[in-house]
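Presented below is the structure to which this report refers.
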Amino acid sequence: MGLHRVEQVRARLDLKFDVPVIAVAGTNGKGSTCAMLESIALRAGYRVGLYSKPHLVHFEERCRVNGEMVTEAELIAHFEAVELARGDIGLTYFEFTTLAIARLLSQSPLDLVILEVGLGGRLDAVNAFDADCAVITSIDLDHMEFLGPDRESIGREKAGIMRAGRPVIVSDPVPPQSVLDRAREIGADLRRFGIDFNHSGDQQQWAWAGRTKRYNGLAYPGLRGANQLINASGALAAFEALGDRLPITAQAVRQGFAMLDLPGRFQIVPGQPTLVLDVAHNPHAVAALAQNLDRMGFHPRTHAVFGAMHDKDLAGIFRRLAPMVDTWCFTDLPMARAATALHLKAVHEQLALKGPGPVAVSMHADPMDALHHALEGADPTDRIVVFGSFLTVGGVLKHGLPRLGSSHGV
């Protein structure tokens with residue numbers, strides 16, 4: 001792990017950005033925060049490029065220009081350029097991808113570039129580019145084999161995207177001390193949730209206040225979930241920090257939040273039964289999912305379709321969601337790193353967790369098979385929750401958004 005390979009190839013490509021760059025790191029909430037930044041900036045009239053990951057169905061989802069997914073044809077020339085420039089330098093999948101998409105964005109007529117960090121921050125390929133503003137969302141236990149055994153270690157890795165003298169937005173309400181220490185050590189302009197910016201509101205609308213700006217009478221973001229107000233607050237703090245270069249209006253903020261669309265983030269698909277899609281794949285994210293499910297209207301039973309990587313805290317995930325799940329449909333996933341449905345079933349049985357009533361368990365070859373099985377046992381008033389890996393949610397989206405009817409068709 002290291003940035004030297006990416007930095008060498010970046011230099012050979014003479015790859016740089018001439019517009020403001022926002023880098024977004026964190027354990028959970030990165031994708032939502034990036035989508036909010038993009039949506040508000042577009043409604044403010046700016047030309048915006050976004051690099052996000054991973055994708056749900058199509059690789060091209062990882063790059064959007066002015067809100068539109070780029071095409072395969074647009075990407076090919078940039079992959080070829082990276083391949084030519086790297087020579088005998090070996091690049092990982094993510095390093096190669098980052099350089100190719102960054103090259104596409106650098107050659108597009110843009111006013112803002114948003115880069116979502118992958119694993120960690122300090123050694124992630126995105127960190128080869130100097131961000132004008134860094135955003136660090138929630139920090140929790142994930143990828144511990146690479147980032148360290150506790151929040152302090154993981155926070156230290158995330159803090160690697162900070163730059164001296166430049167703003168860093170920390171939206172985690174209780175950040176690890178390592179993040180704060182790193183900001184002070186390098187002289188970054190630290191802006192903390194609850195100190196430098198905050199939100200308030202009631203069931204009808206909410207408000208945001210920063211160091212110098214305030215927005216009142218805001219509609220709730222199009223992305224559902226109580227945790228999204230924290231992500232929204234961080235996005236607004238980033239725009240406040242870059243206000244001299246990217247001023248935005250209150251109208252752009254309102255429209256940007258209202259028109260948000262990001263599949264797989266507590267996405268509720270109306271139907272019979274109701275379908276919920278969520279890429280929560282660690283205990284912290286699953287705790288938020290459980291809270292959001294608890295706030296939904298009454299559903300007699302909950303059927304879960306679940307698949308995840310074997311290195312995730314599966315026991316922690318099960319403990320948080322088991323009290324509200326009546327049926328578990330475990331699925332294999334098309335990746336060697338994934339836990340098999342058999343392994344998921346074994347972990348679940350070993351924990352002997354109680355559900356709302358008698359719990360049924362089944363195993364399936366892929367997410368769509370698992371969804372069909374859940375449908376067979378579901379009443380129209382029930383709900384089905386598809387969650388876990390991006391591959392789990394993507395597996396039920398590969399043929400389009402499922403529309404469930406009382407006839408149990410997809």
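Setting aside same-chain residues fewer than 8 positions from Lys354, which aspartates and glutamates have a Cα under 12 Å from its Cα?
Lys354 reaches Asp326.
For Pro270, what charge total do you get from the other residues with a beta carbon under 13 Å from its beta carbon, if Lys and Arg give +1 and Asp and Glu give -1?
Once all neighbours under 13 Å are counted, the net charge is +3.
Among all the aspartates and glutamates, which ones have a C-alpha under 13 Å from Lys16's C-alpha, if same-chain residues fewer than 8 places away are not counted?
Glu7, Asp130, Asp132
Let me know the charge dipole size of the chain about its Cα centre in debye, to the nearest 20, where only the beta-carbon of Lys, Arg (+1) and Asp, Glu (-1) is charged. Intermediate results must be reported in sequence, preceding the final value.
Numbers: 40 positive and 45 negative charges, 174 e Å.
With Lys and Arg at +1 and Asp and Glu at -1, about 840 debye.
Where does each of 36-49, 329-342, 176-189 land if you order them by average Cβ count within 10 Å, highest first?
Answer by packing, highest mean first, reads 36-49, 329-342, 176-189.
I'd like the Karplus ³J(HN,Hα) series for the stretch 37-48: coefficients 6.51, -1.76, 1.60, θ = phi - 60°, whole numbers in Hz, and an x wherever there's a Gly or Pro.
3J(HN,Hα) across the stretch 37-48, in whole Hz: 4, 4, 5, 5, 5, 5, 6, 7, x, 8, 8, 10.
So what are the ³J(HN,Hα) numbers for the stretch 229-235, from phi and the Karplus equation (6.51, -1.76, 1.60; θ = phi - 60°), rounded to whole Hz, Gly and Pro as x?
5, 5, 4, 4, 5, x, 4
Give me a comma-separated list of calculated 3J(HN,Hα) values for the stretch 258-275, in order, Karplus coefficients 6.51, -1.76, 1.60 applied at θ = phi - 60°, integers in Hz, x for any Gly or Pro.
Ordered by residue, 3J(HN,Hα) equals 5, 9, 5, 8, 9, x, x, 10, 6, 8, 9, 9, x, x, 10, x, 5, 10 Hz.
For the stretch 18-119, what size does the Cα cloud have along each of its three principal axes, sorted from largest down, in whole Å?
Principal extents (Cα only, largest first): 42, 31, 27 Å.
Given Ala365, Pro334, Ala35, which one lies farthest toward the positive end of the charge dipole of the chain, if we put +1 on the Cβ of every Lys and Arg and -1 on the Cβ of every Asp and Glu?
Of the listed residues, the answer is Ala35.
For Val135, list long-range residues whose amide hydrogen, built 1.01 Å from N in the peptide plane, is under 5 Å from its own amide hydrogen.
Distant-sequence amide H within range of Val135: Ala23, Val24, Ala25, Ile169.
Within 10 Å of each residue's Cβ, count the other Cβ atoms and sort Val82, Val305 from fewest upward.
Taking fewest neighbouring Cβ atoms as first place, the list is Val82, Val305.
On a C-alpha basis, how far is the centre of the stretch 214-237 from the centre of the stretch 322-397 in Å? Whole number, if you could?
One Cα centre to the other: 31 Å.
What order do you get for 389-400, 293-304 when each peptide is scored by the mean count of other beta carbon atoms within 10 Å, highest first?
389-400, 293-304
Give the percent of DSSP beta bridges with both residues in the chain that are antiparallel, rounded to the nearest 5.
Within the chain, antiparallel bridges account for around 30 percent of the total.
Quick one: helix 341-351 against the long Cα principal axis of the chain, what's the angle to the nearest 10°, folded into 0 to 90?
With rounding to tens, the tilt is 80 degrees.
Given the DSSP H assignment, sum -39500 (n - 2.57) over each helix run of at least 4 residues in the chain and divide by its residue total; what's the result at 222 nm in deg cm²/dmol, nearest 500?
So the helix-based figure for the chain works out to -11000 deg cm²/dmol.
For Cα extents along the principal axes in Å, pick the label among (1) 58, 54, 40; (2) 62, 53, 40; (3) 75, 45, 34 that corresponds to the value derived from the coordinates.
(1)
Quick note: the coordinates plus some simple rules give every number you see, no bench work behind them. Nothing here was measured: the structure is a model prediction, and the numbers come from that model. Methodologically, a virtual Cβ is constructed for each residue, glycine included, from the backbone with ideal geometry; neighbour enumeration extends over all protein chains shown.
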